[in-house]
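This is the structure I want to talk about, given as structure tokens.
The values are calculated or read from the model by the stated rules, or taken from the named source; none is laboratory data. Being a predicted model, the structure only gives us computed values, none of them experimental. All accessible areas refer to the heavy atoms of the entire protein, side chains included, with ligands and DNA or RNA removed. Shrake-Rupley method; radii C 1.70, N 1.55, O 1.52, S 1.80 Å.
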Amino acid sequence: MTLPTLSPSFIRPLQFGSLFIGLIIAIYAATQSQAAPLLILFIALYVLTSNFSIPLERTQVSLIPLVATSSLLIVGLEGALFALLLGLVLAELTRPLWTPLWQNISVEPPTWRVRLGLAVLYTAVLSLAYAVYRAQGGYLPLPPLVNATVAESLPSDPNSDTLLNLLWLTGAYLVAYLLGHALISLLQRERPAHFVTQSLPLLTFFGLLTQTFALFGAFTYSAVGLPAYVIFAVGVALFTIISWVSWQNRIVMRQQVEQFAYLNRIGTSLRETLDLPEVLQRTYEQVTQLIPADGFFIALRDDHGHWERLIAYHQGQKQSRPTGGYTPDDFTRWVGENGRLLDLDPDNMHHAARYNLTPPTPRPDAWLGVPLAISSKRPLGVLVIQRLPPSKPFTYWSREILLAVAQQASTAIHNARLHAETVRLFNLTDEQLARRVEQITAVLNSTHEGILMLDTAVRIVLINPLASQLLAIEPELDAPLSTSLAHARLGYDPAELSQLRHQLAQGTEPPPRQTVYALPAPAATGRPVYIERTERPVLSENGQIMGWLLVLRDVTEEQEQAQWRRQFTHMIVHDLRNPVTTLLSTLRLLARQLPQAPLTDLTALVETAQYGCHHLLDMVDSLMDINRLEAGQLIVEAEAMRLPPLAEKVIAHMQSLADEKQVTLTAVVLPPSLTNAVAEPVEAQLPAVWADEELVRRILVNLLDNALKFTPAHGRVTIELQPDPQPIPGYEQGVLCAITDSGLGIPADQRDRIFERFVRISRGGAQVRGTGIGLSFCRLALEAQDGRIWVEDAPAEEQGSRFLFTLPGIPLFFEL
């Protein structure tokens, strides 16, 4: 009998309900004690600190020892053990609520065995510390210290030293805590050297930190009362969340940098071979290095629409090719017919039934398929990875990575097919070759690479139009390849060409090779042209060498992009340091000021940390959105909105940066007429616009940040909003926004270039910071919303720059 599967919409309320019921039980169990609010607070802290623990190789670190020691001093052993055990149970019940937070990182959360062992460890350590503390004459719980000193509040005992007893308590807890982790590491067979060098220092640091703040929290409650301890608990919760988020961001950033570097190696690896099985095998090896998966296969389709699964792996084992033809499953067929990515997991797998799509067997937990295509035409095939239950869904970053790999693999597969077809045709007899001349000519003329073939006498026997274009010649067939042409247009050294002539004449098979060389820069562009020359011998059926095949590909754009990537990597690393440094500095300042700073100061520090996080996130989003905007893949969620309220929010967000630079930041709304100015607010006189509010917000943030960047101290930056005097056809009247600064301005000959990607213009020799993607994003985002952007000189009294953009009004709908 198969139990019905609960839908995600039912599981979430069930999980929240379990948390609520657990808290009600805790309240009921503690209502007969005055410590009920404290117990509930301790339980909530246990749930939070347990689920936001930072995993190590075989264990995890958290602020649970802080909560345990402070609860022991405040409510005694019975209350502390009750809160610890119930808190850990509730943490396990609510753990699925935090599972989505782990989906964007490659680190696996601690297993249930580790969590169970840690629960036993925390209970045993707390009991042992209590025993040592009581053996030394310690007093529990700590009495109130309001209007009294410690010595006056505690019982008089000539043999008791309160401070020494507390040191015994924290020391015993720390030693037992470290020994318990060492025992867990030993039982789980962690390398002793790794535990001593990696885990032990971090565990010791957290142990000292938690015990110190545990004493501080206990004395805070004893001296001030419950309200002060609530503030202390909020600080502990904020520190736990911020520490976990910072750890996650560091893991994600390191993972993405490694994958970017790996993608470059993938492209190089796939271009090194023209053998189709080798291309498919390398694609599998590269994909599984980047994205863990239980299943992988590539299904290709020929010109007649017949499918063939050429490579497949299941849990690391290579599967044999199906005999008697191959019929793809419904998911694979849908991707191949629609040419679109399909990502299914337990949360959206039920949508497949709406389109009559049957999941493959065995049923996967996560299924991700991307089309293999080199143009907008019908895809060459489909690349699929899947995970069997139980497993995590594929992340957004996994989809982006797989799309990038699929694009490179598509070109390699297409080239391998063309090469295989070319070699097959040259191995035919003269009579068969004559019948295939028209077909091979069509294939050569449609390929994206230049193809040149030489016979054993180094005469040109085949050349396609693209090769003629790259070589800038119209050679005659059967004409010998001249030394000057080989040197100037094919990049051969005289000695290299001489060796090739000798090997072909002797019937010796030269080894395949690949070379990138530069052609002279055309006068029209002044930019050098880079050609990738791939060479391999053409052999007959009996292995005799028939000639030498050269595949020429224009890689100028790739070379320039590689240079851009190096420059961009330098810029992005330099620019990402600012928000990360701000965030880390704020966290260090928060940690130092947490014991004594008022709540308002702590709130300001948290807001500063949030600003750094938002700034970092906007930079990453802009970089990703530029690629999607250029490809037309970003979905613009336009709706009717008004600009003045959004402009006020953005100004409030940027005000701290303006104050830091001593720049005045203001907004001005120009009404369409003075007659209506009294009847209604000026904000209401501006027409509504039809735009995506999030994109418009980021456009305003980029433009204001750019203006503040180049405005000197005591300068001015102004936002002006007014009705668009030139409405966009098909829309009602929109809004014209002008952002004016009092900086040094932009040279007239540079105004067309500033909206290009990675272009940074120095104004008056000022040092330029930033990645050069902000204005490019603004232009693409506005064009996607039928708006436009340009730059002018500021008014004479400002002597700066004036960036203007328009957004359309409400679309005009006509009844047919």
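Computing the accessible area with a 1.4 Å probe over protein heavy atoms, can you report the carbon and sulfur percentage for the range 300-391?
Details: 2340 of 5220 Å².
Summing carbon and sulfur atoms, their accessible area is 45 percent of the total for the range 300-391.
Probe 1.4 Å, all protein chains in place: accessible area of residue 205 in Å², nearest 10?
Counting only protein heavy atoms, residue 205 exposes about 120 Å² to solvent.
Any idea of the accessible area per residue across the range 313-433, 1.4 Å probe, to the nearest Å²? Walk me through the intermediate numbers first.
On the way: 6220 Å² over 121 residues.
Result: 51 Å² of accessible area for each residue.
Also, I was wondering about something else. Rounded to the nearest whole Å², what accessible area per residue is found for the range 457-533 with the 1.4 Å probe? Can you show the working numbers first?
On the way: 4290 Å² over 77 residues.
So the range 457-533 comes to 56 Å² accessible per residue, rounded to a whole number.
Here's another thing I want to ask about it. Give the accessible area for residue 349 in Å² (nearest 10); use a 1.4 Å probe, count only protein heavy atoms, and leave out ligands, DNA and RNA.
Around 10 Å² of this residue is reachable by solvent.
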